[in-house]
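Notes for the one structure printed next.
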Amino acid sequence: MDGTNGVIALAGGGPFTANDDLDRRLLDGAGAERVVVLPTADAYEQPGLLVDAAVRWAARLGVAADPLMVLQRRDAEDAATADAVRAARAVWLVGDSSMHLRSALKQTAVLRAMSDVLAAGGVVAAVGNSAAALCDPMLDQRGGAFTLGLGLVQGVTVVPGVEEWSEDRRHRTLTLANTPVVELPTGSALLRRGASWELVGDPVVHGDLP
């Protein structure tokens, strides 16, 4: 992603509640008046709750929320849905299952559309476990090891919501890591534009960012 003009934002948690100031900055920087919201990672939970939260958040920030119910892989291969993503200046991915997000979006039209948003100078933001899924390698939330991710960010892994982890789990994950790891407490974020990184809040970085 070094050639991108846009911003990838990986946030530690608290979708639509944890950091309005950062969200507003990202939206303003992208010139976004409409935000595509993908609650994909909550497909088997209650994605409608995230949609409701997104609508309230967008109203606070003075933008329009456009929730797209991309819940399964067939949704992510729909050409019209991909076109709606590609036309946006801002895309937000939310939900708790990084594994489902990966399986639903890997090598799909919607994922390619998100790359196009970045290439055009837009913002793609992911929160919590959805943020982990954008990375390759990706944190496997089931056991704290690492696996293949979506690859929008390569060569670094994020641990979102780390304040909820036990010290044993955290230590085991860091021991297993063979790539830089960024711990992201809720409210913090790791931003990437091209080859440049920015830390927001109180992330902890282990290793050198690529």
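Assorted remarks:
- Filtered by the rule that a residue be more than 15 Å from V124 (Cβ to Cβ) and touching a strand residue (DSSP E or B) at 6+ places or on another chain (Cβ under 8 Å), the range 60-94 gives V63, A64, A65, P67.
- The range 96-136: number of residues that are in a strand (DSSP E or B) and buried (at least 23 other Cβ atoms within 10 Å of the Cβ): 6
- Count of residues meeting criterion [touching a strand residue (DSSP E or B) at 6+ places or on another chain (Cβ under 8 Å) and more than 10 Å from G149 (Cβ to Cβ)] in the range 100-130: 13
- Scanning the range 79-95 for residues that are outside any helix (DSSP H, G or I) and hydrophobic (A, V, I, L, M, F, W, C), we see that the one that is farthest from the chain's Cα centre (by Cα) is A87.
- Restricting the first member to the range 149-175 and to residues that are closer than 19 Å to G13 by Cβ, and the second to residues that are among the basic types (K, R) and surrounded by 19 or more Cβ atoms within 10 Å (Cβ to Cβ), the beta-carbon pairs closer than 7 Å and six or more apart or on different chains are G149/R102; L150/R102; V153/R192.
- Here L139 does not qualify as crowded, with 21+ Cβ neighbours inside 10 Å, at pLDDT 95 or above and either closer than 25 Å to L22 by Cβ or over 13 Å from the mean Cα position of the chain (by Cα) (or both).
Residues checked against (1) loosely packed, with under 14 Cβ neighbours inside 10 Å; (2) assigned to a strand (DSSP E or B):
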site	(1), (2)
L150	no, no
R170	no, no
T175	yes, no
T179	no, no
E183	no, yes
L191	no, yes
E198	yes, yes
V205	no, yes
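The values are calculated or read from the model by the stated rules, or taken from the named source; none is laboratory data. Quick caveat, the model's predicted, so the values are computed rather than measured. Cβ coordinates were reconstructed from backbone atoms using ideal geometry, including for glycine residues, and neighbour counts include every protein chain displayed.
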